[in-house]
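Colleague: Let me give you the structure first, and then I'll get to my questions.
Readers should treat all values here as calculations from the given coordinates under stated rules, not as data from a laboratory. All figures in this text were calculated on a predicted structure; none of them were measured in a lab. Cβ sites come from the backbone with ideal geometry, for glycine too, and all protein chains shown count toward neighbours.
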Amino acid sequence: MPIATINPATGELLKNFEPHNDTEIGAKLDLAQQAFEKYRMTSFPERSRWMEKAADILEQEKADFAKLMTLEMGKTYKSAIAEVEKCAWVCRYYAEHAAEFLADVYVETDATKSFVKYQPLGIVLAVMPWNFPFWQVFRFVAPALMAGNVGLLKHASNVPQCALAIEDIIQRAGFPEGVFQTLLIPGAKVADLISDERIKAATLTGSEPAGISLATACGKQIKKTVLELGGSDPFIVLESADLETAVAVATTARMLNNGQSCIAAKRFIIQEAIADKFEKLLLEKYHALKIGDPMQPETDIGPLATPDILQDLDQQVQTSVNSGGKVLTGGKPLGDRPGNFYPPTIITDLSPDSAIAKEEFFGPVALLFRVPNIDEAIKLANATPFGLGASAWTTNSQQQQRLVNEIEAGAVFINGMVKSDPRLPFGGIKRSGYGRELGIQGIHEFVNVKTVWVK
């Protein structure tokens, strides 16, 4: 596949990149290993100073980085600005807390002293997606580098300029040469990289097939992995919910990033007693959304990232209709303009037992289901191979407790939208992956948890 910047709003080819050849890849691996031998000995104050500088660069140049994201993958410029600001936040968070998170933990035993020590593993390969081209990388970079590891990035092939910009940020922040490098390579090269003994672990955010491929390659080499894969997150609204607020958040939660988010609300599970009103209000919200040039501040919905994504999403919508679903609004690509535009779409009357109802829709398409009570809501929420996040709306405390305890997901948000936060662990269960990013749990994923016993 070509490594190129193609504007998804216009289809225009902006820039081509020559993939790194085997010699160049080998040189980057050599440099990364040499960098690790020295970098692992640096102090937390040194790493924190560099990480804070990276945050400064992100904040000072956020307009340029946001424009780059919008040009390469089509997210609205205003959401791209927010993404850069969040990257600065995660850098500052780990700059401040890494020493505390990785401090020796003393344990009383029969030894004179015994404690747990956290030490870096070495080179960690990060295989990252296009949908949040800065955030996905920085939520890996901040904890991994603060722990003393070094990183190699294999980014999605449609965001090469974002990948190179991130490498440049790390270098300008003062981190030693080779601590973080971008590899412009196709996905087919990943398995070969994993087989190199210098790479000690890998992390991937992406599709199920990509996760399976990476985990298989790492399993053969007995190397640690963290996977954050797809999601078909439920958005449950029960009778006692604040309906107006729930509908407003439901619109944002589905349309985030033009609908291209693993943790976007995708299946709306509404109690029968309020379903008609919810549907009416949601339709009004969808009809008010403005589709257009993602660089313009008034735009709510930009293009999908690639023509293939547009085609796949439309095929899923047509399959839903053929399976008994009813389209309330949208349902067809916008053919009156260039670019990969798909309108906000609502589908009802789809049987939750149909195969298509269990798939992930990666675009601005909402599936609406009606249930009589909380029991059926939880049952339907869990009737998916995924388990990333869930949002549930009720003011009843007993119902809240049941939803927290019984929904099968890595995160449950009550009366709020599912989102990632540097202070909280993020990840899924079932086919949404394993391991955690962010929080103290995230920085512990790629370290040697060493037991020390002295007498």
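Colleague: Working from Cα positions, state the angle (0 to 90°, nearest 10) between the long axis of helix 44-60 and the longest principal axis of the chain.
Modeller: The helix 44-60 is inclined about 40 degrees to the chain.
Colleague: Ok, one more. Per the Cauchy relation, a quarter of the hull surface: what is the mean projected area of the convex hull of the alpha carbons in the range 165-280, in nm²? Mind showing how you got there, number by number?
Modeller: Details: hull surface 43.9 nm².
Orientation-averaged projected area of the Cα hull: 11.0 nm².
Colleague: Going by alpha carbons, how many degrees (0 to 90, nearest 10) lie between the helix axis of 243-255 and the longest principal axis of the chain?
Modeller: Value to nearest ten degrees: 60.
Colleague: Could you list the GluC sites (Glu not before Pro) in the range 197-291 that lie in coil according to DSSP, counting only those with at most 12 other Cβ atoms within 10 Å of their Cβ? Spell out each step's value before the answer.
Modeller: Working: sites: Glu197, Glu228, Glu239, Glu244, Glu272, Glu279, Glu284; in loops: Glu197, Glu239.
Those satisfying the criteria are Glu197.
Colleague: From the backbone phi of the range 111-125, what are the Karplus-calculated ³J(HN,Hα) couplings (6.51 cos²θ - 1.76 cosθ + 1.60, θ = phi - 60°) in whole Hz, Gly and Pro given as x?
Modeller: Karplus values, whole Hz, x for Gly and Pro: 7, 4, 8, 9, 7, 9, 10, 9, 10, x, 8, x, 7, 10, 8.
Colleague: Let me make sure I get this right: for the range 358-401, a, b and c are the square roots of the gyration tensor eigenvalues over alpha carbons, sorted descending. Under 1.5 in a/c it's rounded, otherwise prolate if a/b > b/c, else oblate. Which is it? Numbers along the way, then the final one.
Modeller: Values: a/c = 1.85, a/b = 1.83, b/c = 1.02.
In terms of gyration-tensor shape, prolate.
Colleague: Related question: Write down the Kirkwood hydrodynamic radius of the chain, to one decimal in angstroms, obtained as one divided by the mean of 1/r over all alpha carbon pairs. Don't jump to the answer; show the numbers that get you there.
Modeller: Values: mean 1/r = 0.0436 Å⁻¹.
Taking the inverse mean of 1/r over all distinct Cα pairs, the chain comes out at 22.9 Å.
Colleague: Quick one: if you take sqrt(5λ) for each eigenvalue of the C-alpha gyration tensor of the range 233-421, what semi-axes come out, biggest first, whole angstrom?
Modeller: Working: eigenvalues 140, 60, 47 Å².
In descending order, the three semi-axes are 26, 17, 15 Å.
Colleague: Further, regarding this structure: As a footprinting exposure proxy, order Leu121, Leu282 by other Cβ within 10 Å, with the fewest listed first.
Modeller: Working: Leu121 21, Leu282 24.
Placing the least packed residue first, the sequence is Leu121, Leu282.
Colleague: Per the Cauchy relation, a quarter of the hull surface: what is the mean projected area of the convex hull of the alpha carbons in the range 279-322, in nm²?
Modeller: On the way: hull surface 16.5 nm².
Computed as one quarter of the Cα hull surface, the answer is 4.1 nm².
Colleague: For Ile236, which sequence-distant residues (separation of 5 or more, or a different chain) have an amide H within less than 5 Å of its own amide H, given hydrogens modelled in the peptide plane?
Modeller: Here the answer is Ile269, Ser391, Ala392, Trp393, since their amide H atoms fall under 5 Å of that of Ile236.
Colleague: For the range 333-420, with only Lys/Arg (+1) and Asp/Glu (-1) charged at the beta-carbon, what is the dipole magnitude about the Cα centre, in debye rounded to 20? Provide the component values of the computation, followed by the final result.
Modeller: Working: 6 positive and 9 negative charges, 50 e Å.
Dipole size: approximately 240 debye.
Colleague: Quick one: Cα convex hull volume of the range 253-315, Å³ per residue?
Modeller: On the way: hull volume 6.9 nm³, N = 63.
Measuring per residue, one finds 110 Å³ for the Cα hull of the range 253-315.
Colleague: Assigning unit charges at the beta carbon (Lys, Arg +1; Asp, Glu -1) and nothing else, what dipole magnitude in debye, to the nearest 20, does the range 233-421 show about its Cα centre?
Modeller: 100 debye
Colleague: How large is ³J(HN,Hα) for each residue in the range 277-282, as worked out from phi by the Karplus curve 6.51 cos²θ - 1.76 cosθ + 1.60 (θ = phi - 60°), to whole Hz, x for Gly and Pro?
Modeller: Values, residue by residue: 5, 4, 4, 4, 5, 5 Hz.
Colleague: So, one more: Going by how many other beta carbons lie within 10 Å of each one, how would you line up Glu12, Glu85, Glu72, fewest first? Write out the running numbers ahead of the final one.
Modeller: On the way: Glu12 12, Glu85 15, Glu72 26.
The fewest-first ordering by Cβ neighbours comes to Glu12, Glu85, Glu72.
Colleague: Identify all aspartates and glutamates with a Cα-Cα distance to Lys455 below 16 Å; exclude those on the same chain that are fewer than 8 residues away in sequence.
Modeller: Glu108, Asp110
Colleague: Then there's this: Ratio to report: Rg/Rh of the range 369-427, with Cα atoms as the point set and Rh obtained by the Kirkwood method; give two decimals. Can you show the working numbers first?
Modeller: Details: Rg = 11.6 Å, Rh = 12.1 Å.
Looking at the range 369-427, the ratio lands at 0.96.
Colleague: Taking 0.36 nm per residue of separation and subtracting the Cα-Cα distance, what length does fully extending Ala273 through Leu424 add?
Modeller: Numbers: separation 151, 0.36 × 151 = 54.36 nm, distance 3.45 nm.
Full extension of this stretch gives 50.9 nm more.
Colleague: Could you list which residues have their amide H under 5 Å from that of Leu304, counting only those 5 or more apart in sequence or on another chain, with H placed in the peptide plane?
Modeller: Under 5 Å from the amide H of Leu304 lie the amide H atoms of Asn340, Phe341, Tyr342, each far enough along the sequence or on another chain.
Colleague: OK, next. In Å, what is the Rg of the alpha-carbon atoms in the range 36-179, and how long is Dmax?
Modeller: So, for the range 36-179, Rg and Dmax equal 16.7, 61 Å respectively.
Colleague: Enumerate the amide H contacts of Ala241 below 5 Å, restricted to partners 5 or more residues apart or on another chain; note that Pro and chain-start residues carry no placed amide H.
Modeller: Counting only residues 5 or more places away or on other chains, the set is Thr395.
Colleague: Report, in deg cm²/dmol and to the nearest 500, the calculated mean residue ellipticity at 222 nm for the chain, where each DSSP H run with n ≥ 4 adds -39500 (n - 2.57) and the sum is divided by the residue count. Mind dumping the intermediate values first?
Modeller: Numbers: 14 runs with 185 residues, N = 455.
Result for the chain: -13000 deg cm²/dmol, rounded to the nearest 500.
Colleague: If I take every Cα pair under 8 Å that is 6 or more residues apart in the range 233-421, average their sequence separation and divide by the length, what percent do I get for the relative contact order? Can you show the working numbers first?
Modeller: Values: 371 pairs, mean separation 54.9, N = 189.
Reported relative contact order: 29 percent.
Colleague: With an 8 Å Cα cut-off and a minimum separation of 6 or more residues, compute the relative contact order for the chain in percent.
Modeller: Across the chain, relative contact order equals 19 percent.
Colleague: Could you give each residue of the range 396-411 its phi-based ³J(HN,Hα) in whole Hz, using Karplus coefficients 6.51, -1.76, 1.60 with θ = phi - 60°, and x for Gly or Pro?
Modeller: Karplus values, whole Hz, x for Gly and Pro: 7, 5, 5, 5, 4, 5, 4, 4, 4, 7, 9, 6, 8, 7, x, 8.
Colleague: Separate question: Given axes a ≥ b ≥ c from the Cα gyration tensor, I'd like to know whether the range 1-77 is rounded (a/c under 1.5), prolate (a/b larger than b/c) or oblate.
Modeller: Numbers: a/c = 4.81, a/b = 1.36, b/c = 3.55.
Note, shape of the range 1-77 comes out oblate.
Colleague: Dipole size in debye (nearest 20) for the chain around its Cα centre, Lys and Arg Cβ +1, Asp and Glu Cβ -1?
Modeller: Details: 45 positive and 54 negative charges, 143 e Å.
So the magnitude is around 680 debye.
Colleague: Shifting gears a bit: Fully extended, how many nm does the chain gain between Glu208 and Val449 (0.36 nm per residue separation, minus their Cα-Cα distance)? Spell out each step's value before the answer.
Modeller: Details: separation 241, 0.36 × 241 = 86.76 nm, distance 2.86 nm.
Gain on stretching Glu208 to Val449: 83.9 nm.
Colleague: Are there any GluC sites (Glu not before Pro) in the range 90-181 that are in a DSSP loop and have at most 10 other Cβ atoms within 10 Å? List them by number. Show your work: numbers first, answer last.
Modeller: Working: sites: Glu96, Glu100, Glu108, Glu167, Glu177; in loops: Glu108, Glu177.
Here the sparse-neighbourhood loop sites are Glu108.
Colleague: Ok, one more. Cross-link list Lys15/Lys62; Lys62/Lys189; Lys62/Lys280; Lys290/Lys326; Lys15/Lys358; Lys53/Lys78: which exceed 27 angstrom alpha carbon to alpha carbon?
Modeller: Lys62/Lys189; Lys62/Lys280; Lys15/Lys358
Colleague: Taking the Cα atoms only, what angle lies between the long axis of helix 22-39 and the longest principal axis of the chain, rounded to 10 degrees?
Modeller: Here the helix axis deviates by roughly 70 degrees.
Colleague: To make sure I understand, if each residue's beta carbon is the centre and we count other beta carbons within 10 Å, what order do Phe361, Phe134 fall in, fewest to most? Mind dumping the intermediate values first?
Modeller: Working: Phe361 24, Phe134 27.
Lowest count first: Phe361, Phe134.
Colleague: What is the distance in Å between the Cα centres of the range 215-261 and the range 356-410?
Modeller: The two parts, judged by their Cα centres, are 11 Å apart.
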